[in-house]
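The values are calculated or read from the model by the stated rules, or taken from the named source; none is laboratory data. Just so it is clear, the structure is predicted and the values come from calculations on it, not from any experiment. Neighbour counts run over all protein chains shown; Cβ positions are idealised from the backbone, glycine included. Protein only, heavy atoms only, side chains kept; ligands, DNA and RNA dropped before computing areas. Shrake-Rupley method; radii C 1.70, N 1.55, O 1.52, S 1.80 Å.
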Amino acid sequence: MKSLRLFGHKDKELFILLNESARIVVRGGEILKEVVYDYKDLDLKLAKLTAMEHEGDRIIEELIRRLNTSFILPFDREDAFELVQALAVVLDYITGIIDRMILYKTGEPDDRVREMVEILCRSLELQEKAFNMLNKVEQNKAGIISCCEEITSLERKQDSLYRNGLARLFENEKDPIQIIKWREVYEHIEMAQDYVQDVAELLSSIVVKYS
């Protein structure tokens, strides 16, 4: 009977909107990857990401509206709101990374930044994969948990790259202005990763509660 309570016909559009929101975050990560591997036309790339962010905001507004009015929810409203808010923050931080590169005129990213972005983008893909399995949480419990565990593993790797990257920056960079610029970029990548981890923890909690 639990599955009937959790997954009524009104839930389908909620899942579609959640999946669309997760997909937009992945696309934001793809634009960020374009920036760090092809450091030109930055204003154009930021404009694309900003337009995508606005689309993400529209979807999130619709999600919130439905969460406030729907009688049949896939899980507790509080859990759903936290998921939606965390997704929005991830996209905000991705936009912030590119914004700082442009605003601070950081110059060409190095291999460390590229590796950090690769880890973030892989985590975003796993996040989307987990969202796509939420509509059948009981059947997909193992798959969702596996995605979340891999995100946690990537978060630990990202944390190591972040700390080592800062240490190397302070050791090798002589220009204090450049240190400040790149530290901001590193911190935004790390914060985006932290929020993806928050999403993974919320998803794991939902799976435990409702499967």
Note on the range 28-40: residues buried (at least 19 other Cβ atoms within 10 Å of the Cβ) and either at pLDDT below 85 or not hydrophobic (A, V, I, L, M, F, W, C) (or both) are 28, 29
The lone condition residue 146 fails out of (1) of a type in the set (S, T, N, Q); (2) at pLDDT 95 or above; (3) open to solvent by less than 30 Å² (accessible area, probe 1.4 Å); (4) within 22 Å of residue 20 (Cα to Cα) is (3)
Among (1) under 30 Å from residue 111 (Cβ atoms); (2) of a type in the set (A, V, I, L, M); (3) surrounded by 18 or more Cβ atoms within 10 Å (Cβ to Cβ), residue 60 falls short only on (1)
Of the listed residues (43, 11), the one being buried (at least 16 other Cβ atoms within 10 Å of the Cβ), at pLDDT below 90 and not aromatic (Phe, Trp, Tyr) is 11
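If you take the residues in the range 72-87 that are assigned to a helix (DSSP H, G or I) and out of contact with any helix residue (DSSP H, G or I) (no Cβ under 7 Å at 6 or more places or on another chain), which one is surrounded by the fewest Cβ atoms within 10 Å (Cβ to Cβ)?
From the range 72-87, those assigned to a helix (DSSP H, G or I) are 77-87; that's our starting set.
Adding the requirement that they be out of contact with any helix residue (DSSP H, G or I) (no Cβ under 7 Å at 6 or more places or on another chain) leaves 78, 85.
On the way: 78: 9, 85: 16.
Going through the qualifying residues, I end up with 78.
Please tell me if residue 99 is in contact (Cβ under 8 Å) with a residue 24 or more places away in the chain and farther than 20 Å from residue 191 by Cβ.
Considered against the rule, which asks whether it is in contact (Cβ under 8 Å) with a residue 24 or more places away in the chain and farther than 20 Å from residue 191 by Cβ, residue 99 comes out as no.
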Just one listed residue, out of 207, 117, is touching a Leu at 6+ places or on another chain (Cβ under 7 Å), in contact (Cβ under 8 Å) with a residue 60 or more places away in the chain, crowded, with 16+ Cβ neighbours inside 10 Å and part of a helix (DSSP H, G or I), and it is 117
Screening 186, 195, 162 for residues that are in contact (Cβ under 8 Å) with a residue 40 or more places away in the chain and closer than 15 Å to residue 91 by Cα leaves only 195
Take residue 47 and tell me if it is of a type in the set (Gly, Ala, Ser) and in contact (Cβ under 8 Å) with a residue 40 or more places away in the chain. no
If I filter the range 88-96 for residues that are hydroxyl-bearing (Ser, Thr, Tyr), farther than 21 Å from residue 123 by Cβ, in a helix (DSSP H, G or I) and within 18 Å of the chain's Cα centre (by Cα), do I get at least one hit?
no
Cβ pairs under 6 Å, 6+ apart or interchain, first in the range 126-140 and more than 16 Å from residue 209 (Cβ to Cβ), second open to solvent by 80 Å² or more (accessible area, probe 1.4 Å) and of a type outside the set (Phe, Trp, Tyr), ordered by first then second residue, are 128/23
Picked from the range 102-114 (must be open to solvent by less than 60 Å² (accessible area, probe 1.4 Å) and assigned to a helix (DSSP H, G or I)), the residue nearest to residue 165 (Cα to Cα) is 112
For the range 128-139 the number of residues that are open to solvent by 40 Å² or more (accessible area, probe 1.4 Å) and either at pLDDT 90 or above or of a type in the set (A, V, I, L, M) (or both) is 2
Could you say whether any residue in the range 161-179 is of a type outside the set (Lys, Arg) and closer than 18 Å to residue 123 by Cα? yes
